[in-house]
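Okay, structure first, notes after.
The values are calculated or read from the model by the stated rules, or taken from the named source; none is laboratory data. None of the values given here were measured: they were computed from a predicted structure. Please note: Cβ atoms are built from the backbone with ideal geometry, for glycine as well, and neighbour counts cover all protein chains shown.
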Amino acid sequence: MNSYTINFDSVVDLTDEQFFQLCQKNKNLKFERNAKGDLIIMSPTGGETSNINAGLNAQLWNWNAQTKLGKIFDSSGGFKLPNGANRSPDASWIIIEKWNSLTPEQRTKFLPLCPDFLVELMSPSDSLSETQAKMKEYQANGMKLGWLINRKTQKVEIYRAGKDVEILDSPETLSGEDVLPGFVLDMSVIW
């Protein structure tokens, strides 16, 4: 499974609404747009990655169901970042105040904000350098905490607002720190 980038170079300027409609009409594909407006087409993940991502989202969902501190989104949820990119992290969360500030119409489209917390789970076909660049993009657009999980190397890169990246080798758990108070991800479902 590969991803492909189409550079429109001012041939076509998709509006946000046109991009949203393109995504809605092609539900078997996953689209993102970078800040330059290039269209990134990704195929669905394989069964193993999808299953692991579901377990990760389940843990996050269960924590949030108890705390009610925000809203959880899976890899189908799209975000329009402040820099203009459209991204869909594998798991993400925003504080409830951000959700409550959105209009009903905004809630039905790609959310016009950057998640406060997110996870990118490397698929076998993902490029590490491209995913790291995406994490830095999230960081520059307001993400407070992000985890880049690489199952192949069993490393986790932790991205925090205003700080250098921290790399962990085969952690047993990951803490949500002060962004997700009390959340601990059990990494046994990941490795």
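Things to note:
- For region 138-151, the tally of residues that are closer than 18 Å to LEU121 by Cα and part of a loop (DSSP other than H, G, I, E, B) stands at 3.
- Members of region 152-191 found to be polar (S, T, N, Q) and in a loop (DSSP other than H, G, I, E, B), listed by number: THR153, GLN154, SER170
- Top-ranked residue in region 57-77 [being at pLDDT below 95 and not acidic (Asp, Glu); ranked as nearest to the chain's Cα centre (by Cα)]: SER75
- Residues located in region 32-58, provided they are surrounded by fewer than 18 Cβ atoms within 10 Å (Cβ to Cβ) and in contact with a helix residue (DSSP H, G or I) (Cβ under 8 Å, 6 or more places away or on another chain): ALA35, PRO44, GLY55
- A search for C-beta distances below 7 Å between a residue of region 164-189 that is free of Cβ contacts under 8 Å to residues at least 40 places away in the same chain and within 19 Å of SER92 (Cα to Cα) and any residue that is assigned to a loop (DSSP other than H, G, I, E, B) and of a type outside the set (Gly, Ala, Ser), counting only pairs 6+ apart in sequence or on different chains, returns MET187/PRO171; MET187/GLU172.
- The lone exception for GLU120 - which of (1) farther than 25 Å from GLY182 by Cβ; (2) touching a helix residue (DSSP H, G or I) at 6+ places or on another chain (Cβ under 6 Å) it fails: (1)
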